[in-house]
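Q: Sharing a structure, written as structure tokens. Questions coming.
Values quoted throughout were computed directly from the atomic coordinates according to the rules given, and no laboratory measurement underlies them. Everything quoted here is computed from the prediction, not taken from an experiment. Quick reminder, even Gly has a Cβ in these numbers, built from the backbone with ideal geometry, and neighbours come from all protein chains shown.
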């Protein structure tokens, strides 16, 4: 039972018991049969031995499929401890194999199962004030000293401090809340213990009000008005209620029921958040209740402090006025998801009536009424309650659980239908209601129909006076024909009206989604409407417009997705993947087609803030691409001289002027030009100089002449180069500004970047890594108290977690820093031994927790498992560590060529070498299990050391119980030696014990392909694509499938596999497919390859059309954004007055020429030689002439009141480009010219200062500043 796969299956089955899919007795019977067989999977035994319904069988299969790639400890740590004890009792009663019982017992009270971080309150939190008090706990507002934020700290009240059951309940509340990771549940940050032994937990401090308070405000403001569905206040309350339904539905999916739902326990954040709080009565379905053992006065179970009456522990559980009948009866065994549905129904009752379902009374009387289902219908309290909402409420509050909604989600969906003015599931509307709804949705058609009916009636009366018998017969015939035509016309009008209504609704929804930045959702809504309008010729124009909009938004959504992937790849040093992602992202927005790319982005559907964000995102991607090309230039220069720069000047010059890296240098020069024209940066100036040096075209910029970073992107990229230089001393390009210490220089530069972009995750991550490297240097220098230096790094990584808790990177680095701190603290001379032991224990717990949190967030990323393995090994959970390491090497492996040329071996840094060292020590100390030698062999294989990998793979396979990884590693090594038959034999052995092995499946497919057995190769490549979970392995399997299908003459199928591979992993390389297509003359595949091939480095280097534009971008030149976004004064406010007087400038909506806003300058007095103004840096071509224009409106402008000035940076000779006319006038264009200076900084381009100044009395508005280069023809025309 020590095999990972077997334990995983047993734990999945335990999870099925926890979720009540099967019983513990069912599991015992199936396991008894399972242990009596040799190779039959547990799932198969369960399906054959147990009489399961189709629904239960499907649930069981889904559960096994969901966890097929999970590690055993991942599943075990998600199961309540008490279940393992129950299972062992049942297994023993059924005389199940003792080894199975021992395996289950091993997971109970697992040493590494740490609910939350154990810390002392005073070490991290500082109490500010009391916030709220409930029956069991009290909440305090506190300062988190580690992460510099305010949190809510919940503690047990003093009166319950010595009650053991109260402590259990309180800790259970913290653990359950922490287990539920959902936007609707308050995140728990830490669980700790005070000096007096009392526990507490820290969570997010919610700024807002309860649903109870919001409902009260709504009803008091509405008075006697009816509940109009168009009321934004009511719709907001209903939307918040539906959000709460979704949160509870999520909790149910994790096996948790709340049991105390009411308006006071639903909090409404200031920014749209809806959070369900107070999980003190929550319970894991299928687990035992906390022991009674408390008298009637011992505890108030509901802890919200609102609407609660005391109820005895072990009888009724919850708040009586909102309880379900089964809760009121104390039937704890009947409480399940339906109990929470009732609580939500009672909450909806309160929303509709502003009072709970049960009026205030003694607890006994309330409980009696609840059990009888005795509550007043909402409409009797508030006659204005819409009938559908009342029916929804009453169904949720049905006496019998089986008569309620089957889930909270179903309840929420009915509420959303009502908000959408659609029929709900619980009642059929009357004809009158349906008619009113139809008229409301088809107002134009309804009005037309009424007029037509009136005219038809009048005509009938007049005509009847003159009809003869013959005419009557003719009229009857004609009337029948007209009725048929009218009916057909009415149907067509109805259809068109419906389409028109649908179109209007779609446009509204899309606008909302776009405004909130949810572009992918907007695209899905648009595409659905495009399908709806298909064939409707009357809407052809609108449909075409929707298609164009969908394409634009699709490109924006894909751009941001690829940009995020590129940042991830940049962090992981996957340079080739990063380049392909950036190039494709920029191609989606047609950036490579225009020199003035900022004017051609698909921004028609974006607001000003989103348009600006898109422009800056493109700029960042260009800078990131230039930086990566410079790294590749340096890396290939180093590679050309064997990885180390020569010692002699002649040798160094020979390396720098070699042909290696020249194509990247040419591309760098082009990209620097494209980015610098938009926004000048010192890093671009530096990169351009390096590229020029490699191309022997111009001299590089001396580092001493580089200025301080000009923007956050500039600082971030310069810091990356500094860190690269700090790690790779022979990196040929360096950046110094007075500090020759690369690490200190990097920290200074990143501090500047973090001030410029305080919310940029990657900047803080890089700063934290720099702090870590500085701490490492201190430790290496022998400083005994070096462990304290790691705290700064931990705090900075904590800032990253606060900025984006969904990303795994900071968690992995926190785990590594904490582990290293735990090792270094052993050298402390100041700490007592017991303090060292205590701190190491706390650090170890944090280390394991951080590593696990990273795995939770990125279960398909190989690198997180390096950290997890180190943490588990440090916790002496060696077998679990081996499982984590095995996953790391398996996920990381590439069956094809890996073209990510690593300047820095990230996996080596993340711990491959540490893994090899630790496992070698374990084996030397007597560890003989196959898995240890197998992981060691796989590690050496990953390291490229095939000799040592072969040695350890042989040892791993030469035992009685061979781990599947040993066989698959041996198979890959045999493939490397071209021994395909041996490889096939090893892979078959692996698949016999682990049918889901990706290595064995794809490895066999590759063997069959090389042996010419293409049918088997096709089948196994297809299976490998299904089994693989990481994109590069899925793509490799699909490309193999494509090659096999090409060999079998299945070009169309091959084309589909090729497309899928490129979609799954855009950075996959197509050389093998290209070669085969050429050899076979497969024109279909060749044409497809032409479409799929990305823009190459050569293409970028040769793209001259992006180097010539007359347009000069002025950041926020239309003043649609706040002034200080891009206009500023060094060291001062955006609009700065030098001297005496009064002058102010703000952007506002009172006046505007283009767009929605303009800049209003109001100067009422100025002293002699005083001036007020703002400025920004723009980029122009040296020695060129430029025309500058703006729109101006004046209420009162004196001579010299407002001017626009362009001057060379750091020059004392500013030149006025535009002086606004004096007087009062409406919007008019004001035009001027200026000549760009010469500069040696950046060949062809020069930064200049663009200023707006007020030197006299003025009350004017400015808008739409535009700058364009003037051609000689323009000058002659003037």
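Q: Taking only the alpha carbons of region 1110-1277, what extent do you get along each of the three principal axes, in Å, biggest first?
A: That gives 43, 34, 28 Å along the principal axes, largest extent first.
Q: How do the peptides 513-523, 368-378 rank, highest first, by the average count of neighbouring beta carbon atoms within 10 Å per residue? Before the final figure, lay out the partial values.
A: Numbers: 513-523: 18.5, 368-378: 16.8.
So the order, starting with the most tightly packed, is 513-523, 368-378.
Q: Order of 1254-1260, 774-780, 549-555, 848-854 by packing, highest average Cβ count within 10 Å first? Could you put the intermediate results ahead of the total?
A: Details: 1254-1260: 22.3, 774-780: 17.6, 549-555: 19.4, 848-854: 24.7.
The densest-packed peptide leads the list: 848-854, 1254-1260, 549-555, 774-780.
Q: Then there's this: Which of the three applies to region 329-406, rounded, prolate or oblate, going by the alpha-carbon gyration tensor with a ≥ b ≥ c and a/c under 1.5 meaning rounded? Each step should come with its number before you reach the end.
A: Details: a/c = 2.26, a/b = 1.25, b/c = 1.80.
It comes out oblate by the Cα gyration axes.
Q: Does region 995-1097 classify as rounded, prolate or oblate by the C-alpha gyration tensor (a ≥ b ≥ c root eigenvalues; a/c under 1.5 gives rounded; else a/b over b/c gives prolate, otherwise oblate)? Walk me through the intermediate numbers first.
A: Details: a/c = 2.09, a/b = 1.27, b/c = 1.65.
It comes out oblate by the Cα gyration axes.
Q: Moving on to the next point. Over region 1041-1109, one equal point on each Cα, no solvent: what is log10 I(q)/I(0) by the Debye formula at q = 0.13, 0.24, 0.25, 0.29 Å⁻¹?
A: For the requested q values the scattering log ratios are -0.42, -1.01, -1.07, -1.34.
Q: Could I ask something else about it? For region 853-896 and region 1062-1093, what is the centre-to-centre distance using only Cα atoms, to the nearest Å?
A: 34 Å
Q: Which order do the peptides 404-413, 947-956 come out in when sorted by mean C-beta neighbours inside 10 angstrom, highest first?
A: Working: 404-413: 20.8, 947-956: 19.2.
My ranking of the peptides, most packed first, is 404-413, 947-956.
Q: Okay, next question. Sorting 253, 129, 997 on the 10 Å Cβ count, fewest up front, what's the list? Could the numbers behind the result be given before it?
A: Values: 253 14, 129 7, 997 24.
The order, fewest Cβ neighbours first, is 129, 253, 997.
Q: Next question, about the same structure. For region 859-982, build the convex hull from the C-alpha positions and give me its volume per residue in Å³. Intermediate values should be presented prior to the final figure.
A: On the way: hull volume 13.6 nm³, N = 124.
About 110 Å³ per residue, rounded to a whole number.
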